[in-house]
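Scroll down for the structure; my scribbles are underneath it.
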Amino acid sequence: MDYFVKPVESIKGEIKVPGDKSITHRAMMLASIASGQSRLTGVLEGEDCLATKKVFEHLGVNFIKENDDLIVEGVGIKGLRQPERELDFGNSGTGIRLSSGILVAQNFATELIGDSSLSERPMSRIVEPLSLMGANISSNQGTLPLHILPTSSLRGITFSLPVASAQVKSALLLAGLYAEGYTEVKEDKITRNHTETIFNEFGIPVEVNKSKNSRSIRVSKSDKINPKDINIPSDFSSAAFFILAALITPKSHLRIRGVGINETRIGFLHALRHMGGKIDIQNIQNGPEPIADLLIESSKLKGITLNTKLVANMIDEMPAFFIAASLAEGITIVKDAEELRAKESDRLEAMANALGSLGVKFKLNQDGIVIHGLGDKGQFKASEINSLGDHRIAMASSIASLRADGEVRIVDCDNVGTSFPDFIEVCGDIGIKIKEQ
Ligand code: S3P
């Protein structure tokens, strides 16, 4: 299915975006292995999280939908049962990598599969460290399917992340709940900390040590996890498309209510403010996962050299960031972002194609890009963009269309449903019309 998007004069109003994808996955998993009932509020019902839910149903967990909440009848840390078939994680890297941490500790075998995009993504990054812990896990030359067999002993290790990946960190910490001794993960680039936070919420002891440029996170074996009701905030990564929309559309004023503003997630907000973006944070509510309202106004942006420390904290927002940079005055330089090549698509390549179609000048590098902004009065060329089946490329391109000189066609947008099933409706709420065909 393709999107057709026309430019708009301005964006005004107030919206709410759906629940956080990363936190929904983690809440479903922890609640599944807790002993008793947990109530999850604000769950994202995107295809990725629904795939994780289905997987845990196959593993014997019962989920009950009650109004907007999801009740999870946790089976206990040792209560999962052998599934009757392979476990299909669809498009979801988070689902498969985090679940592997739990599955390597079970006394039954599993086969883990995914769709064509997930089947090409790197899995050695979890297979190798989990094997060091004694797991019996193998891949097909670093890709799917994964085969997991029971192991006689899982033991804690100390592991320094070679790539900045919260998925790898989380897979090891989850396996650490079943391993003898301590499991310690060290990161020199701070990645999203939702696993550590939700462990705390479920009463699982986590020791976090910070030094100037690194963090280490340590867990040990758990005999029992108590159930916990979890409030899931709106996803900052989904909000980012609307932050972009309001910044780049003239005469705009937008409020996004109740967005998760966890510091390890909002690199995009810091970078855009640095470029001159008017983004105000209001009504902060502190909690394990802090939330706030975001107020955004159209802004004149200027190019920047992106601080490489922000990259891991805005990795999913990079496609939107590239669009902002393309409409800034001057040059924007992004380095140290090679991880973008290992996402649902090669996002450096996919965005280079999109920017090319939109008439932007840029230089693509192996680990980043240099973008020559069109400036405040600049307009994109009405054109056709291929999202390559990647939800974030599809949504970033849709928003870019608001500043095009005519209608833009975005090809292959079905995957928007993985993270933001009601994207088109939310767009409609503030006057952005997207035709699907
Ligand atoms: C996620 C971590 C990030 C991110 C993904 C969600 C998570 O991936 O891109 O969308 O929930 O842990 P990496 O850990 O591979 O960087």
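Read-outs throughout are calculated quantities, based only on the coordinates presented, and are distinct from any laboratory measurement. Keep in mind that what you see is a predicted model, and the values were worked out from it rather than measured. Positions of Cβ are backbone-derived with ideal geometry, glycine not excepted, and every protein chain shown enters the neighbour counts.
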For segment 327-340, Karplus-derived ³J(HN,Hα) couplings (6.51, -1.76, 1.60; θ = phi - 60°; whole Hz; x for glycine and proline) come out as 10, 8, 7, x, 9, 10, 10, 10, 10, 6, 10, 5, 3, 4
Classify segment 342-391 as rounded, prolate or oblate, taking a ≥ b ≥ c as the square roots of the eigenvalues of its Cα gyration tensor: rounded when a/c is under 1.5, otherwise prolate if a/b is larger than b/c and oblate if not.
oblate
Taking alpha-carbon centroids only, segment 214-242 lies from segment 1-79 a number of Å equal to 13 Å
Between Phe108 and Lys363, 0.36 nm times their residue separation minus their Cα-Cα distance comes to what?
86.8 nm
Average projection area in nm² (convex hull over Cα atoms of segment 253-328, one quarter of hull surface):
5.0 nm²
As a test of the formula, what do you get for the chain when each DSSP H run with n ≥ 4 contributes -39,500 (n - 2.57) and the sum is divided by the residue count, at 222 nm and rounded to the nearest 500 deg cm²/dmol?
-8000 deg cm²/dmol
For segment 1-132, what is the per residue volume of the convex hull drawn over the alpha-carbon atoms, in cubic angstrom?
153 Å³
Ordering of 384-391, 361-368 by burial proxy (mean other Cβ atoms within 10 Å per residue, highest first)
384-391, 361-368
For Glu384, what is the net charge nearby, where nearby means another residue's Cβ is under 12 Å from its Cβ and Lys, Arg count +1, Asp, Glu -1?
-1
For the chain, what log10 I(q)/I(0) values come out of the Debye formula at q = 0.08 1/Å, with one point per alpha carbon and no solvent?
-0.43
Set Lys251/Lys300; Lys251/Lys377; Lys16/Lys169; Lys210/Lys335 screened for pairs whose C-alpha atoms are more than 21 Å apart:
Lys16/Lys169; Lys210/Lys335
Under the definition of Cα pairs under 8 Å and six or more residues apart, what whole-number percent is the relative contact order of segment 21-231?
21 percent
Any idea what Rg and Dmax come out to for segment 21-231 if you just take the C-alpha atoms, in Å?
15.7, 48
What number, in percent, do you get for the relative contact order of the chain if the mean sequence gap of Cα pairs under 8 Å and at least 6 apart is divided by its residue count?
19 percent
Cα pair distances of segment 137-239 binned at 10 Å [whole percent]
13, 39, 35, 12, 0
Output the peptides 286-295, 393-402, 165-174 sorted from most to least packed, where packing is the average of other Cβ atoms within 10 Å over each peptide's residues.
393-402, 165-174, 286-295
